[in-house]
1. Which of the residues that make up region A:226-261 are among the acidic types (D, E), within 28 Å of the chain's Cα centre (by Cα) and more than 8 Å from chain B (Cβ to nearest Cβ)?
2. Can you tell me which residue within region B:240-255, out of those that are in a helix (DSSP H, G or I) and surrounded by fewer than 23 Cβ atoms within 10 Å (Cβ to Cβ), is farthest from the other protein chains (Cβ to nearest Cβ)?
3. Criterion first (over 26 Å from A:N225 (Cα atoms), polar (S, T, N, Q) and modelled with pLDDT under 90) does B:T205 satisfy it?
4. Determine whether region B:86-107 contains at least one residue that is hydroxyl-bearing (S, T, Y), part of a helix (DSSP H, G or I) and away from chain A (no Cβ under 14 Å).
5. Test each condition in (1) closer than 30 Å to A:E337 by Cβ; (2) open to solvent by less than 10 Å² (accessible area, probe 1.4 Å); (3) within 14 Å of chain B (Cβ to nearest Cβ) for A:G167 and report the one that comes out false.
6. Does any residue in region A:69-87 that is over 28 Å from A:V323 (Cβ atoms) come within less than 9 Å, Cβ to Cβ, of a residue that is among the small types (G, A, S) and open to solvent by less than 20 Å² (accessible area, probe 1.4 Å) six or more places away or on a different chain, and which pairs are these?
7. Sort through A:K211, A:K174, A:K206 and tell me the only one that's free of Cβ contacts under 8 Å to residues at least 12 places away in the same chain and more than 12 Å from chain B (Cβ to nearest Cβ).
8. Determine, yes or no, whether A:L220 is within 11 Å of chain B (Cβ to nearest Cβ), under 22 Å from B:P9 (Cα atoms) and either open to solvent by less than 10 Å² (accessible area, probe 1.4 Å) or hydrophobic (A, V, I, L, M, F, W, C) (or both).
Amino acid sequence: MRKSRNSATSLSRRTIMKGSLMAAAASGTATFFGPWRHNRVWAQGAKPIKLGLTCDASGQYGNSGQDDLRGMRLAIDEFNVKGGVLGRKIEWTTADTETNPATGTRIAERFIAQEQCGFLLGAVHSGVANAITQVAAKYGTIYFNTNSSAPSEAGENCSRVKFVWDGNGTNFSKAAVQNALEKIGKRWLLLTNDYVWGHTTSAATKAQVEKAGGQIIDNLLIPQNTRDFTSYLLKVQQIKPDVIATAVGGDDIKALRQQVSDLRLEDKAAWINNQQDWPDIWGAPETLFGVFGTTWYHLLPLPGIAEFVKRWQTAYPQSPIPVPGNVSYNGYMATRELLRAIVRAGSTNNLKVIKALEGHKMTAADRMQHFDAYIDPATHQVQQTIYLARRNAKPVDKTDLYEIISWTKPESALDDAAPGKCKLKPDAEVPSYEI
Amino acid sequence: MGTLLNLLPHLVNGITLGLLFALIALGFMLILGLMEQINLAHGSLFALGAYFAYAICAPRLPLPPDVLGMWAAVPLGWRFAAAVVLAPILVAPFGLVLERLMRRTYGRDPLYGLLLTFGVAMVLEELIRMVWGTRDYILPVPREMSGGFIMLDLIWSTYRFWAAALAIVAMAGVWAIVERTRFGAMVKAGAHDSEIVQALGIDLTRLRVWVFVLGTMLAAFAGVVLAPLWGIRPHMGVDAVVPAFLIIVLGGVGSFWGAAIGGLLVGMVVGLSGAYASEWSMLSMYLLLIAVVTLRARGLFGKKSVLEV
């Protein structure tokens, strides 16, 4: 399914050339960095700035992708109400990336090359995020990975044009492992979704466990789209670990939770789910158990959250999920910060916007979290507050599913290995453009 | 001895899983085997069954509040029993419409029927999204059927064994209809030689309608039975149609026992690989298929089909 608003008038080659010269003259020299064949300059003036929102609407992360989209659209609407950015309206287009890297590649290519999107945002699945990154890097298009939390996204798969907005597997592991080792036990079993996010997240957990003196006694790989977990749950019972650390996401974690709850296995060992996305638990709160990580919760006792939730609910009265969760929050924050960065840069030139983002600090109050956050200039990952939560035994309303049990400073949950793995290209090697 | 004791739970799991796979494939087998039509909407009919069951059990029915209140007061066991019976009946009209749409594809290149049912599957999935939204649901199960019990020093899902028992009942019913009734004999004869059967004065069109409706109801029944295990979501049909298709090809098109044995084999392979080589558990069923069709192209119990022409 594809939606489009105010689709831009198609441009002739002559118009593009004229626009290029005018834009180059107006913006000084930045447009002419890099090899000629890589550079693009589109006609500007009152032309809207177009964003390509690469969101899953189907597949393992279909629900999360659409919640991500709701957050992005809210941010765009709020800017448009205020007159847009640099006097230009913000347009958006979206298409279903189907939780499928090949589809992600195809849609990213179309958004950039055919629909002239200046910026891409979206992805929950790390394979999709990485696929979009490859296309974005080819064109120099700035891409915001809003919700994929594989450590590799800000590690070996980082890119100068990509910014990663979610906490990653290592951040969550660092927040959770030490405490669990001390209080629960040293024999850990890993349940790992068999794709990039699962592997890199479990690798991060393993490293943290072993560093703290624990032992990984087995790692069961779970293929994507597994619906029957009985084999794994029998195996878990045979192995008898102290702690079961899961890196399972989307529809898979929903099915796993349901089956664990049905067997009342949640009390047989301590369960730690690296990160629990809100759309993956909404609708089945009775299957919530163990300890899990998140970056935000709509009932955190912080200023601004109630107003944000109200705005979100006003924008989406028919939403299948009645309140924003971490996924929609990330989509909103990422989009808002992109548009703010364009304002700070005073231009849509990608290199100027990248510079406006690198090292950018965001106050805790502005992000509605407990601690200040910043965009790590070495990895382009947003370093932010990491929360651990468990099922709320005393909910104040039907949306109050979580009890937040700890919040960790970004510095304490930092992914130390990422800067060593991430090699960001210098300006001269990034194709430049301005829309 | 220790190894055997470790293996035994996974063998038991493989059998129960296999029965569930066979149940999913049953309706697909009936339509493909007796009508030689590939119904790719099978998964969506499976999903519809699960959603109707949820509407009956939860209950979320379009009824006046006082009537709905009375129905909600009925014990869950009765509501669940009603869902098992009524959901397939409610899905049956969808099968009727689909069969009517498919008539123009009979006797033509199988690709036409394939494309039509693929389109219908997409329409049905979208319809589900429009009516029930994109969120997930869990089908409530009576207390007596839910939870776990201890066997071989492990906790097992009680409902899983109930589901396996329901699968056996459904398979026995289909076997009796196809192998032990005049209706079954006529349908099989019609699939074998439609001209002769029509020459004998049997209304083959009406027979085909009944076969399609029966296949549809079986898909919906499988959806009801599997919903408490897999959860209910709009695209759950995809999770069903792929193994169903694979099992039919593996077991042999048109063979009841092929579907049953194929389902058990797939369940066993997926169950054992899940326990001992988890990264292969999803792939294992495809490897099994490759192995079988390499040795016997028509599957384990397959006979020559018009689809081969």
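1. Answer for region A:226-261, where residues must be among the acidic types (D, E), within 28 Å of the chain's Cα centre (by Cα) and more than 8 Å from chain B (Cβ to nearest Cβ): just A:D252.
2. The qualifying residue farthest from the other protein chains (Cβ to nearest Cβ) is B:V249.
3. yes
4. Yes: region B:86-107 contains one or more residues that are hydroxyl-bearing (S, T, Y), part of a helix (DSSP H, G or I) and away from chain A (no Cβ under 14 Å).
5. Unmet condition: (3).
6. A:L86/A:S347
7. Answer to the selection: A:K211.
8. yes
The values are calculated or read from the model by the stated rules, or taken from the named source; none is laboratory data. Because the structure is predicted, anything quoted here is derived from the model rather than measured. Here Cβ is always computed from backbone atoms with ideal geometry, including for glycine, and neighbour counts include all displayed protein chains. These accessible areas exclude ligands, DNA and RNA; they are computed on the full protein's heavy atoms, side chains included. Shrake-Rupley method; radii C 1.70, N 1.55, O 1.52, S 1.80 Å.
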